[in-house]
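For reference, the structure is listed below as structure tokens.
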Amino acid sequence: MISEKITTLLSAFSRVELNRFRRYIQSPYLNDQPDALPLFDVLCRQLKKGETPGPIRKVTVWEQLYPGRPFNSAHLRRLTSDLTQLAMRFIAAESERNEPLNEAIRIQKSLGKPEYAKHLAGTERQIAKYLEENPQLSPESLLLQFQSRDISFGHNSRGSGS
């Protein structure tokens, strides 16, 4: 049977999330496994059928992916694992996409090189503006504010020659 990890994840995605995940998989920058997209499509078809509420058979999936080729359980397991990892990274990316302050702080942290100084300043202005416009002081926002200032201090310390 196909790993429950991937079928459970895909079953939990909304139609919009499935469409976005399909586009995510299509990116060669994010996915270097060309057979992940066909596997995703096969699994989605199997999950949509509704006739098979139980586990999906590996051989059924293999025959749809590689008609005429002898079944290779290890290859299919690796491919399923790769798709599961892509799904986990997609979930993380979607989560970050919905939290602009987290994303801005991650970008700020990445702009430590001196040649990024102009971009760093712009990102820090964005963070300050976001914090000003969203004055709620939840523990998470306070932690993010602290992290941003800590990153800024680190960048400034390295840039001043200290």
Sequence-separation-based contact order of the chain, relative, with Cα cut under 8 Å and 6+ spacing, percent: 22
Lysine pair count for the chain [Cα-Cα under 26 Å; pairs on different chains or 8 or more apart]: 9
At 1.002 mPa s and 20 °C, Stokes diffusion of the stretch 1-115 via Kirkwood alpha-carbon radius, µm² per second: 137
Extension reserve of the residue 35-residue 5 stretch, reckoned as 0.36 nm per residue once the Cα distance is removed: 9.0 nm
Residue among 31, 62, 21 farthest towards the positive dipole end of the stretch 1-76, charges placed on Cβ: 21
Heavy atoms of residue 151: accessible area, 1.4 Å probe, square angstrom to 10: 30
Centroid-to-centroid separation of the stretch 38-107 and the stretch 115-146 [C-alpha atoms, Å]: 35
Cα gyration tensor category, rounded, prolate or oblate, for the stretch 52-107 with a/c compared to 1.5: prolate
Accessible area expressed per residue, the stretch 21-139, with surrounding protein chains retained (probe 1.4 Å, Å²): 65
The chain - percent of accessible surface contributed by carbon and sulfur, probe 1.4 Å: 54
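The values are calculated or read from the model by the stated rules, or taken from the named source; none is laboratory data. All figures in this text were calculated on a predicted structure; none of them were measured in a lab. We place every Cβ from the backbone using ideal geometry, glycine too, and count neighbours over all the protein chains shown. Calculation scope for accessible area: heavy atoms of the full protein, side chains included, ligands and nucleic acids excluded. Shrake-Rupley method; radii C 1.70, N 1.55, O 1.52, S 1.80 Å.
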